[in-house]
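*Asks:* Attaching a single structure in structure tokens format; questions to follow.
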Amino acid sequence: MSSSTSNGASNGNGGDAYAAGKRAAARRAVDAGIDGVELHSANGYLLHEFLSPASNRREDGYGGSPEARARFVIEVARAVVEGIGAERVGIRISPAHNIQDVWERDADETRATYLALVEGLAPLGLAYLSILHEDPSGALPQELRRAFGGIFIANSGFGRVTTRDEAIRVIDEDIADLVAVGVMVAFWGPGGHESKLYVLYYPLIFAIALVFAPRLTLLYAAFAIGGYLAICLIHDPSLLAQTEAAKAVAIRVITLVATAGLGAYYWRIQRDRRTAGLAIGL
């Protein structure tokens, strides 16, 4: 959503209405028995779009400077805190994650934007700040931690598994207060390493699809890989050289291709059954 009219705060009233909606939704969640809510201001979603100069091209009070880009997220956080209390509200950010066309490639501008955001959030007394970053011990995450002054949660894994040993190290070295893990614990083997289940799961799905629908699966694979290469060449060729990024994409391509291949196989079976039924009817 890069246009100035497609963001949630298209005008003052629109921004207020969006924040009020989030406050009401949080209130309903707590009334239903939920302990608290997390504001998702990461990974290219709406709140994150306001923080990025690539997606936020507004020229009003919600864009044009680091402070203005941070304003909407702060207003939404304040509204939710007013609805359910700061102790029930956390927020997740992913500075310089560069995903879904929400680019943050200028280090100085990214730093200024997220410092403005965290300094605006700090007085609210949120339950925690969760950050997705490839190096939680780096200068920017640690500067944001100090500016926030509260519970700091680190998440280093997006295209890879955060191992048990890594999580323990992050806590022991005081890189963060807590570690967020986004992969099923069942995939952790002895010593916190990836289990054989995790390593073999996606290739197994692909192999099954290849057996039942070989031509369609290979065709979908060619389209998926070709599409990814084209996107990399257009947006950021350096992604092709990043091992972790390549692994994450490989997993997604395998899953997409396998799902499409098995779906096509199921469709073909149903089509053949309908054709056979019509023939019998004749």
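The values are calculated or read from the model by the stated rules, or taken from the named source; none is laboratory data. As the structure is a prediction and not an experimental result, all values here were calculated from the model. Every residue, glycine as well, gets a Cβ built from its backbone with ideal geometry; the counts of neighbours run over all protein chains shown. Surface accessibility is based on the protein's heavy atoms, side chains included, excluding ligands, DNA and RNA. Shrake-Rupley method; radii C 1.70, N 1.55, O 1.52, S 1.80 Å.
*Asks:* Once the piece of chain linking Leu233 and Asn43 is laid out straight, how much longer is it, given 0.36 nm per residue of separation minus the C-alpha distance between them? Could you put the intermediate results ahead of the total?
*Replies:* Values: separation 190, 0.36 × 190 = 68.40 nm, distance 2.10 nm.
Contour length minus Cα-Cα distance gives 66.3 nm.
*Asks:* Convert 37 °C to kelvin, take the viscosity as 0.692 mPa s, use the Kirkwood radius over C-alpha pairs of region 61-101 as Rh, and evaluate the Stokes-Einstein diffusion coefficient in µm²/s, rounded to a whole number.
*Replies:* Values: Rh = 11.9 Å.
After rounding, the answer is 277 µm²/s.
*Asks:* A further question on this structure: Scan region 112-180 for trypsin sites (Lys or Arg not before Pro) in coil per DSSP, keeping those whose Cβ has at most 12 other Cβ atoms within 10 Å, and list them by number. Write down the numbers at each step before the final one.
*Replies:* Values: sites: Arg145, Arg146, Arg160, Arg164, Arg169; in loops: Arg160.
Of the trypsin sites (Lys or Arg not before Pro), not one in the loops of region 112-180 has a Cβ with at most 12 other Cβ atoms within 10 Å.
*Asks:* Remind me, relative contact order of region 21-70 in percent, using alpha carbon pairs under 8 angstrom and six or more residues apart?
*Replies:* Numbers: 34 pairs, mean separation 9.9, N = 50.
That works out to 20 percent.
*Asks:* So if each residue of separation counts as 0.36 nm, and I subtract the Cα-Cα distance between Arg27 and Glu67, what length gain in nm does that give? Show your work: numbers first, answer last.
*Replies:* Details: separation 40, 0.36 × 40 = 14.40 nm, distance 2.80 nm.
Gain in length upon complete extension: 11.6 nm.
*Asks:* Let me ask you something else. Rounded to the nearest percent, how much of the accessible area of region 23-177 (1.4 Å probe, protein heavy atoms only) is carbon and sulfur?
*Replies:* Working: 3110 of 6680 Å².
That fraction is 47 percent.
*Asks:* Put a dot 7 Å past each Cα toward the Cβ at Ile151 and Glu59; how far apart are the dots in nm?
*Replies:* If labels sit at Glu59 and Ile151, their model points lie 4.4 nm apart.
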